[in-house]
Every structure is written in structure tokens, then in C-alpha cells.
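Throughout, read-outs are computed from the coordinates displayed, never taken from laboratory work. Only a predicted model underlies this, so the values are computations on that prediction, with no experimental measurement involved. A quick note on method: Cβ atoms are made from the backbone with ideal geometry, for glycine too, and the neighbour counts reach across all protein chains shown.
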Amino acid sequence: MSSFDLADEIAALAASGLRRGRRILGTPQTARVTVDGRDYLAFCSNDYLGLANHPRLIAAAREGAERYGVGAGASHLILGHSAAHHALEDALARFVPQFVQSPRALLFSTGYMANLGVVTALAGRGDAVFADKLNHASLNDAALLSRAEFRRYPHRDLAVLERLLAASRARRRLVVTDAVFSMDGDLAPVPELLALCERYDAWLLLDDAHGFGVLGAGGRGVLSHFNLASPRVIYMATLGKAAGVCGAFVAAADEVIETLIQRARPYIYTTATPPLLAHTLLAGLDLIATEEWRRERLTQLAALLRARLRTKRWRLLPSPTAIQPLVIGANDAALRVSGQLAERGLLVPAIRPPTVPRGTARLRISLSAAHDVDDVERLAAALNDLQ
């Protein structure tokens, strides 16, 4: 393949409305930002609780840098696992619901790496992975890399999943799902999934990237939301969304975590994240647990948007979360509406295939506790005017 082939492929992406670009953020991540030199009201980040620019986290990062330096300098299994990392893992194990006896937590650099690590460490040839068709790309890539049999079931379709599990003769079965689906904003039927896993002797990996910090008592996530406990659950959540910093963790029974330490290649073969960030996340966990008003505001803002938005040509998906998807349909139409909003100083991203199914290009409206009522009123009025 020559560079000319690549240029043709890029041109084809542009012609079909699928070429992506990067904006340059010139301010901290918050509701009001400067992007490419222009000021906007933004509805496009996963900073659901408004912690990414919180003064307490900034102060904790400074303190962490002074105490631990800047870089980790090594992988966790060589000399990169600092006291800060260990303290955060202990805090996370205590923070998530006690869904297994004496759970442990393990830090990963990103949620993508965490999903790759879990699936490839626990499943391989002779095993089977069962996945919701709307799962995040990291779960799909993990299943493919594991070389296990990879079976996908229609979104939230428990009947099809049960047929697949009943027919499987795999040595080990692993059901993997988003807890909150990142492009639709709906929740996985976690209690029913767990019941199927218990009936058919399978593990359940929950990717709670968009639920941790937002759902459940004190923001403890989807397991708390559904009040579930089972040793079959492997729980993954990211720390760069509601928690406001970066990274991810997996919480599970001791033998699962020990297996990941020994076998999860994305954990073993990478330099640990800077310990100052782990130190910062301890402050973030405290804010998540104690400032309930942030979750209450998210709920109020989502209800307000749904009440104010008059959908005529477009379809607002039934999401109970901070993710409010407005399906436009065609790629060029979604891009055009996103551009018209930007002209009015409102930043809302157009999401297109392959991130979402063909014909369902959408605006992905992300709400944050950093927004206020006037912000949502302004967005709803603009969308109503454009329809």
C-alpha cells in the first residue's frame, strides 16, 4: 500500500462525512471553554461531576508532585508501583459495593487497557466471549485479541444471549457489557445478565465507565444502583470521566485480581501512571462520595432538557443518564446541525459511524454538574429553533 492509497481512503472518508478532526482546547475542561480561539458553552465532555478543574484536585496534584515527583519511571511489577498507587487501589476496593468478599482493586492506565487486560487474561482459545452489539470498541477489540469464540447478541436482548449461553460448550464463558452505553445513554439489564451468568456458569464483566461516580449511593456505580452482589462479577470503571482525572481500575475477587497481575499484558508491560495522579484521585473519591448535589443537579438538568426539547424531525433516545443522544440520521445532517450550534456558541459533537450504526448519526449531548439551568435552557431553545 502506498501513501497514495492512504490519501484516497482519507478522501473517501471526507466524501462520506466520516472524516474526523481534532479541536484544540485552550482552557481547563469545564462547561465554558475556549476552543480554537473561540469561546463556547460545551456539552461534549465526560466530566459529569465537574471535577476536572476542581480546586481540591488541583491542590492534590501539586501535593502529589511534591511528594512523589512527576513520572512513575517503571512498570508496576518492576519499581513503578508507588505508595500512592497502592493507597488508591485500597480506597477503590473499599469504595465500590462489597459485591464479593474482601474485593481487591487494580489500577490500569486507561479503561481501554483495563478491558484488554481482563478479557485477554481470562479468555483464550477454547473459551467464549458474549457481547452486547452496542458495547464500547475496547470490549470488542479485547474479545478479538483473546482468540476466544466471539458471539455478539442484539442490544439488551436477553433471549438471544440465553440461547447462545445454553448452546455453548466453551471451557470458560465471559459475558461483557457496558453498564451505561456510551452513545445511547441507556443501562444494561444488569440483574438479568447476572442471573443468566449464574444459570450458565459464566463471568460477568461490567464496564461502568459512564456510571461510576454518577449512579448508585454516593456515586458507587451500577452495582450499587441495582443493589447487586456476586463473586461472578468483574467490575471495571474509568477515572477520567466522573472522577475528573485519568486511568481506570478493575475490582473483583482476590483470585481474579491476582490473575490479572500475573497475566494481563496491558498491566504488566507498560509504565505506571504518574503517582501524583493517583494521589489526586483520592481527593476526587472524597468529593464523589460527599457532594451528592452534583448527582442531583445532573438528574435535574437531564429532566429539564427532556421537558424543554420539542422533537419534530429528530429523535431523543430514552436515556436516564447524563448522556442525552439526539438522533439526526444522516452523517451530513448531523454535522450540519452541530455546525449551526457552534455558530451560536454551543459545542455539541456529531457522532457518526462506525461509532454508531449507519443511519443513526446523532448529537451526543453530555451534561455536567458544571452546567446550570440557563445553560440547558439555551441549548434546548437553539435545538428547537433549528428543527
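Couple of notes before you dig in:
- Charge tally in the Cβ shell below 11 Å around GLY124, where Lys, Arg are +1 and Asp, Glu are -1, GLY124 excluded: +3
- Approximate spin-label separation GLU63-ASP90, in nm, with each point projected 7 Å along Cα-to-Cβ: 1.6 nm
- The packing ranking of peptides 111-117, 229-235, highest mean first, is 111-117, 229-235, where packing means the average number of other beta carbon atoms within 10 angstrom of each residue.
- Relative exposure of TRP293, TRP314, judged by other C-beta atoms within 10 Å (fewest first): TRP293, TRP314
- Highest-first packing order for the peptide set 13-25, 375-387 is 375-387, 13-25, based on the mean count of other beta carbon atoms within 10 Å.
- Here the sum of -39500 (n - 2.57) over DSSP H runs of 4 or more residues, divided by the residues of the chain, equals -13000 deg cm²/dmol at 222 nm, to the nearest 500.
- Between ARG171 and ALA15, the contour length at 0.36 nm per residue exceeds the alpha carbon distance by 51.6 nm.
- Sequentially through the range 278-289, phi angles give Karplus couplings (6.51, -1.76, 1.60; θ = phi - 60°) of 4, 4, 5, 5, 4, 5, x, 4, 5, 5, 4, 6 Hz, Gly and Pro residues having no value and appearing as x.
- The charge dipole of the range 55-290, taken about its Cα centre with unit charges on the Cβ of Lys, Arg, Asp and Glu (plus for the first two, minus for the last two), comes to roughly 440 debye.
- Of interest is the spacing of the C-alpha centroids, which for the range 31-45 and the range 66-126 amounts to 33 Å.
- Cα centroid separation, the range 364-387 to the range 165-201 (Å): 34 Å
- Kirkwood hydrodynamic radius of the range 173-256, Cα pairs, Å: 12.9 Å
- By the beta-carbon count within 10 Å of each Cβ, the least crowded to most crowded order of SER138, SER224, SER368, SER75, fewest first, is SER75, SER224, SER138, SER368.
- Whole-number percent relative contact order across the range 55-290, with pairs defined as alpha carbons under 8 Å at least 6 apart: 31 percent
- Of all DSSP beta bridges in the chain, antiparallel share, percent nearest 5: 55 percent
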